[in-house]
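Here is the structure we will look at.
The values are calculated or read from the model by the stated rules, or taken from the named source; none is laboratory data. As the structure is a prediction and not an experimental result, all values here were calculated from the model. Cβ coordinates were reconstructed from backbone atoms using ideal geometry, including for glycine residues, and neighbour counts include every protein chain displayed. What goes into the accessible areas is simple: the full protein's heavy atoms, side chains included, and nothing from ligands, DNA or RNA. Shrake-Rupley method; radii C 1.70, N 1.55, O 1.52, S 1.80 Å.
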Amino acid sequence: QLQASGGGLVQAGGSLRLSCAASTRTFSRYVIGWFRQAPGKERESVAAITWSGGGTYYAESVKGRFTISRDNAKNTVYLQMNSLKPEDTAVYYCAVDINSMAVLTTTPQRYEHWGQGTQVTVSS
């Protein structure tokens with residue numbers, strides 16, 4: 001199972017760092033993705049990272065503002081979020097694509113072991 005944390009309330013322009021902690025070292029072998037879901041909207045892909053950390057994906061809406069990274073020794077993936085905007089407000093989830101080590105996908109249906117999510121609220 002994956003556990004997301006680090007959310008909170010921040011003003012526009014502020015920063016937060018989310019963490020996604022894995023319960024087992026097994027997850028360090030696979031692609032990890034961050035997703036978000038705002039009220040009334042579908043879950044959308046935000047970022048993803050290969051097992052080595054050498055490959056990353058970002059949604060257009062967060063490019064240049066968010067950075068995904070991982071520390072496999074700590075079984076943890078991070079999402080550094082800078083220059084936050086009110087439209088970034090959502091529940092953020094992390095999940096693992098156990099079918100892939102290095103191919104990044106954005107489809108939520110490919111991912112498993114979703115954590116409970118962490119709320120990010122950006123005020124204007």
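Only residues in the stretch 40-65 that are on the phi < 0 side of the Ramachandran plot count as the first member; pair them with residues that are of a type in the set (Lys, Arg), Cβ under 7 angstrom, at least 6 apart or cross-chain, and list the lot.
Hits for this filter: Glu44/Arg36; Val46/Arg36; Ile49/Arg70; Trp51/Arg29.
Looking only at strands (runs of 3 or more DSSP E) that lie completely in the stretch 1-63, which have at least 3 residues being over 22 Å from Asp97 (Cα atoms) and modelled with pLDDT of 95 or more?
Because the criterion is at least 3 residues that are over 22 Å from Asp97 (Cα atoms) and modelled with pLDDT of 95 or more, the strands (runs of 3 or more DSSP E) in the stretch 1-63 that meet it are 8-11.
Given the criterion surrounded by 21 or more Cβ atoms within 10 Å (Cβ to Cβ) and more than 19 Å from Ser123 (Cβ to Cβ), identify the matching residue among Gly33, Gly64. Spell out how you get there, then give the answer.
On the way: Gly64 fails: surrounded by 21 or more Cβ atoms within 10 Å (Cβ to Cβ).
Going through Gly33, Gly64 in turn, the sole match is Gly33.
Listed here are the residues, each with its yes/no results for (1) surrounded by 20 or more Cβ atoms within 10 Å (Cβ to Cβ); (2) in a loop (DSSP other than H, G, I, E, B); (3) among the acidic types (Asp, Glu).
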{"residue": "Leu79", "(1), (2), (3)": "yes, no, no"}
{"residue": "Tyr92", "(1), (2), (3)": "yes, no, no"}
{"residue": "Asn99", "(1), (2), (3)": "no, yes, no"}
{"residue": "Thr105", "(1), (2), (3)": "no, yes, no"}
{"residue": "Gln109", "(1), (2), (3)": "no, no, no"}
{"residue": "Gly115", "(1), (2), (3)": "no, yes, no"}
{"residue": "Val120", "(1), (2), (3)": "yes, no, no"}
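Can you tell me how many residues within the stretch 67-77 are of a type in the set (Ser, Thr, Tyr) and open to solvent by less than 30 Å² (accessible area, probe 1.4 Å)?
Residues in the stretch 67-77 being of a type in the set (Ser, Thr, Tyr) and open to solvent by less than 30 Å² (accessible area, probe 1.4 Å): 1 in total.
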